[in-house]
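Input: a single structure, listed below in structure tokens.
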There are 2 protein chains.
Amino acid sequence: MPAFFTIFASRNSYHINIMSTQKPSIPKGTRDFSPLEMAKRNYIFNTIRSVYELYGFRQIETPAMENLSTLMGKYGEEGDKLLFKILNSGEFRSHLLPSDMQEMSSAKLAAKICEKGLRYDLTVPFARYVVQHREELQLPFKRYQIQPVWRADRPQKGRYREFYQCDADVVGSDSLLNEVELVHIIDEVFARFGIRVSIRLNNRKILSGMADYCGRPDKLTEITVAIDKLDKIGIDNVKAELADDGLTAEEIERLQPVFAIQGDNSQKLDAMRQLFTDNATGLKGVEEVSYVLDALCQSPLTNEIALDLTLARGLNYYTGCIFEVKALDVEIGSITGGGRYDNLTGIFGMPGLSGVGISFGADRIFDVLNQLDLYPKDAVQGTQLLFINFGPKEAAHCMKLAAETRKAGIRTEVYPDSVKMKKQMAYANANKIPYVALIGENEIAAGTVSLKNMESGEQTQVLLDQLISTVK
Amino acid sequence: MPAFFTIFASRNSYHINIMSTQKPSIPKGTRDFSPLEMAKRNYIFNTIRSVYELYGFRQIETPAMENLSTLMGKYGEEGDKLLFKILNSGEFRSHLLPSDMQEMSSAKLAAKICEKGLRYDLTVPFARYVVQHREELQLPFKRYQIQPVWRADRPQKGRYREFYQCDADVVGSDSLLNEVELVHIIDEVFARFGIRVSIRLNNRKILSGMADYCGRPDKLTEITVAIDKLDKIGIDNVKAELADDGLTAEEIERLQPVFAIQGDNSQKLDAMRQLFTDNATGLKGVEEVSYVLDALCQSPLTNEIALDLTLARGLNYYTGCIFEVKALDVEIGSITGGGRYDNLTGIFGMPGLSGVGISFGADRIFDVLNQLDLYPKDAVQGTQLLFINFGPKEAAHCMKLAAETRKAGIRTEVYPDSVKMKKQMAYANANKIPYVALIGENEIAAGTVSLKNMESGEQTQVLLDQLISTVK
């Protein structure tokens, strides 16, 4: 805690204002995380991290603040509005005309008085990182990144202004083996969590082929946006939207296979192959999906993977395979997604670098694990053993024993104050400490410990060795 | 990576601007962390974290953004200027008069157009957390927190605008056992790092007693500020500063024992006891230090702990024991510090809560570990095994073997593209991968693997079992 006092000292300014009582709070859309929540979140992040590393992804971190020139224009007009902008320090008006302050639009003025903004996602900073450090990087570059991002969005249930993203991307390799490995990673992560999921796969080139096939390649964006809403608004509304977008009834009819093709993955692929006999892009998409599914058959997955021709995701950016994951036992929408893109770093002047990546939705995974109560007990267990404090002499004895239990790796506390037993036991209960050691004069004399199992209530006299083996 | 594309989709805005080439950069005073740097930093944070947890401290996190009303006035006037302020979203001028924009001072105008700021340290957010969540907390509350903080300071060597703090504090307990445990934590952390340190201890009440003893209790702050500079400016300049502060030569002379008392800890304590016969505050300080040192004698420390009567730190806040740690083998200043304070939460209207805490300086520890080259090899080891890709058939075989090595816990990659051997080996070298597996037609037929040790250059034919045991 003391860093800021050092600052104080070095500046000869020693005054802490004791302010009039204010009820403290945090900005809306942000959260404090309690010890229990942190333990759960760490379990999630550590699980994802271990699997990423098992597949050779290496972690980077980028600053919370990026230059606004890096961020602006990357997330659309709406995205620009959702960037948190940081006011320049000091005389932030100095390079403005007095009239500017009144006459400029808010957005324009903001751009004049703010040079920096908070990271909005991990993708643009990653692209910036790759271009900035291209001399040091050995391609392909497999990186993962687990950091918070900030969006000035309207807060609502499940939507926060500060939240974590957990991304892994490979850049600099066209190989579909990357797609195969990313699906393995998704499968392994959810297997470790014990969450049953459906992994859905599609390919942007199939959607592109469909737009060609129906005769409206010019409407690819509109078609994808409409199909993307299928889950939410249903097929009739999707068709209505396509009509609004200017597709004729006949053209819409030709899109029907996307909604209608039934069967297992290979039946669907066969049907699409027949549809796309003259359509190189569409066929390429089918073959890419087919390759990935075949490769996945060779090492069995825990979860099901299904070709979903209606899966769309952020089409304009993605150029190849796209993934999405849904939990089977909780209704919550997509909990992981990703895909291949061909021009991530083009926005920073380094074209032609292909990449593919996935992102786990930590907040939703948190909700799913909570609902299904799937946290392993030892992942959320804090302190394992508490020594009750009966007085200075007993506490000194306990401190010595605590040094031993800690040496054995047991997370141990000695209650610091010799207050009433009831208060100390309440502390153990509130912190869900499973074992409590009681050492009074008798125990000191006998060289034993009274060990209480807080769950069963059972209390036994043990020696130090037994104490350690019981608690472990 | 894909979250922002979903945002795109939901807003019907699909345009990524391909901007004119810009050389991307990051804001001054901030840093990107490469995979190797991250591995080293994670080793530091994980070591500190494990020791904190071994002593029963539990992690919390608070938002990067706090309300400015929480932050302002807590770090002195200079500190207020160093806060990064976040511009309100949208029409941030709407509640201002046109004249305000021109006539207000920058600081005042900033306060009108910014409601939020970035966390400046972990202490004030922790105090805010304790008060805000007091109903849920069971005191004493032992929390640790490892998060970045931001300061709009002038960047210079070793001083960044974004850096991590690693704090642990106990609030709600007066017991000196907390001080004892915090010293044990410091000792254990540096023992694990293999950094030899000197832990220095003093007590604010001793300094307070000295101000009384020299006849100038009114100049406690000035005396402490001056003594705090002893290391940097030397004793003669400290005395000159005290004279400037209005102390007479005789008064300064009476402070002499602080600089002059020699001997081991108990000799120093005896000398101070004699000095403070009539000085209750000073004596209390001596007894507190004495208690802590006695208790520490009972479980041996790896590092030396020394009473340092000239240790001052941020005096105004601290009210009891203060700690500081210096590396013995690298010149770098304090790498850890802390102390007891009596009114942390008073600033938010919850008086009377005593606390004591420490903070590890992660950036300086990083520098020390680098200089002494003390990182354990396995802490910075990324991928352990790379399968070379000789073509689609071989790669498919390798993917199956990779599934097995990963199951055995080996961090494994299959090179995704079947490019020239030289390029693949360069990848292994650049990423310091210690083992490379080469599997061609012959190996597939024989069911073996050619395993190359990249350090020795030795290449052997092994079976899968041997591969796993060798790499592990």
Practice task
Keeping all protein chains in position, work out how much accessible area A:R216 exposes to a 1.4 Å probe, and write it in Å² to the nearest 10.
Solution key: 40
Practice task
Starting from the Cα of A:E77, step 7 Å along the direction of its Cβ; do the same at B:A379; then give the gap between the two resulting points in nm.
Solution key: 5.2
Fill in the blank from the handout: Expressed in µm² per second, the diffusion coefficient of the protein assembly as shown from the Stokes-Einstein equation, with Rh the Kirkwood radius over alpha carbon pairs, at 20 °C and 1.002 mPa s, is 69
Handout entry: Exposure of A:K116 as accessible area (Å², to 10), given a probe of 1.4 Å and all protein chains
Key = 20
Practice task
Set Lys and Arg Cβ to +1 and Asp and Glu Cβ to -1, take the dipole of the range A:269-337 about its Cα centre, and tell me which of A:S334, A:Y317, A:L283 lies farthest positive.
Solution key: A:Y317
Handout entry: Heavy-atom accessible area, 1.4 Å probe, ligands and nucleic acids excluded: residues of the range A:98-125 down by at least 50 Å² from chain alone
Key = A:M101, A:Q102, A:S106
Handout entry: When the convex hull of its Cα atoms is projected in every direction, mean area for the range A:194-271 (nm²)
Key = 6.0
Problem - aspartates and glutamates with Cα under 12 Å of B:K400, excluding same-chain neighbours fewer than 8 positions away - result: A:E181, B:E413
Exercise for the section: Tell me the label-point distance for the pair B:A191, B:D329, using the 7 Å Cα-to-Cβ offset, in nm and rounded to one decimal. Expected result: 1.7
Exercise for the section: Please identify which residues in the range A:376-408 have an amide N closer than 12 Å to a label point set 7 Å out from the Cα of B:D294, following the Cα→Cβ vector. Expected result: A:392-393, A:396
Exercise for the section: Counting only DSSP beta bridges with both residues in the protein assembly as shown, tell me the antiparallel percent, nearest 5. Expected result: 80
Problem - the range B:310-449 - share of DSSP beta bridges that are antiparallel (%, nearest 5) - result: 65
Fill in the blank from the handout: Result for chain A: accessible area per residue, probe 1.4 angstrom, in square angstrom, of 40
Problem - Largest to smallest accessible area among B:S334, A:S69 [probe 1.4 Å] - result: A:S69, B:S334
Exercise for the section: Rounded to whole Hz and in sequence order, give me ³J(HN,Hα) for the range B:389-404 from the Karplus expression 6.51 cos²θ - 1.76 cosθ + 1.60, θ = phi - 60°, writing x for Gly and Pro. Expected result: 9, 9, x, x, 5, 5, 4, 4, 5, 4, 4, 5, 5, 4, 4, 6
Handout entry: Compactness of the range A:54-145 - radius of gyration and Dmax, Cα, Å
Key = 16.8, 58
Practice task
Provide A:K108, B:K432, B:K157, B:K85 ordered by accessible surface of protein heavy atoms (probe 1.4 Å), highest first.
Solution key: B:K157, B:K432, A:K108, B:K85
Problem - Check: the range B:106-225 dipole with +1 on Lys, Arg Cβ and -1 on Asp, Glu Cβ, in debye - result: 680
Handout entry: Accessible area, probe 1.4 Å, largest first, for residues A:R411, B:R192, A:R154
Key = A:R154, B:R192, A:R411
Exercise for the section: Run the numbers on the range B:401-434: which residues show a drop of 40 Å² or more in accessible area, chain on its own versus all protein chains together, using a 1.4 Å probe over heavy atoms? Expected result: B:R406, B:R411, B:E413, B:P416, B:D417, B:Y427, B:N431
Practice task
Any lysines with Cα under 26 Å of the B:K23 Cα? List them, leaving off those in the same chain fewer than 8 positions away.
Solution key: A:K74, A:K81, A:K85, A:K108, A:K112, A:K116, A:K142, B:K157
Exercise for the section: Express in nm, to one decimal, how much length is gained between B:E91 and B:E441 on full extension, taking 0.36 nm for each residue of separation and deducting their alpha carbon distance. Expected result: 119.2 nm
Problem - Estimated [θ] at 222 nm from DSSP helical runs (n ≥ 4, -39500 (n - 2.57)) normalised by residues in chain B, nearest 500 - result: -13000 deg cm²/dmol
Fill in the blank from the handout: The whole-number value in µm²/s of the Stokes-Einstein translational diffusion coefficient for the range B:209-325, with Rh from the Kirkwood sum over alpha carbon pairs at 25 °C and 0.890 mPa s, is 164
Handout entry: Net charge contributed by nearby residues that have their C-beta within less than 12 Å of A:A379 (K/R +1, D/E -1)
Key = +3
Exercise for the section: Output the Cα-based Rg and Dmax of the range B:264-391 in Å, rounding Rg to one decimal and Dmax to a whole number. Expected result: 21.5, 87
Problem - Average projection area in nm² (convex hull over Cα atoms of the range A:355-472, one quarter of hull surface) - result: 10.4
Completion exercise
Computed Rg/Rh for the range B:270-320 (Cα atoms; Rh = Kirkwood radius) stands at 1.00
Completion exercise
Counting Lys and Arg as +1 and Asp and Glu as -1 over every other residue whose Cβ sits under 14 Å from the Cβ of B:Q262, the net charge comes to -2
Completion exercise
Each label sits 7 Å from Cα toward the beta-carbon; between A:M421 and A:K232 the label points are separated, in nm, by 6.1
Handout entry: Pairs of Cα atoms farther than 35 Å apart, chain B, %
Key = 51
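The values are calculated or read from the model by the stated rules, or taken from the named source; none is laboratory data. These figures come from a predicted structure and were not determined experimentally. Methodologically, a virtual Cβ is constructed for each residue, glycine included, from the backbone with ideal geometry; neighbour enumeration extends over all protein chains shown. Remember, those area values only see protein heavy atoms, side chains included, never the ligands or the DNA or RNA. Shrake-Rupley method; radii C 1.70, N 1.55, O 1.52, S 1.80 Å.
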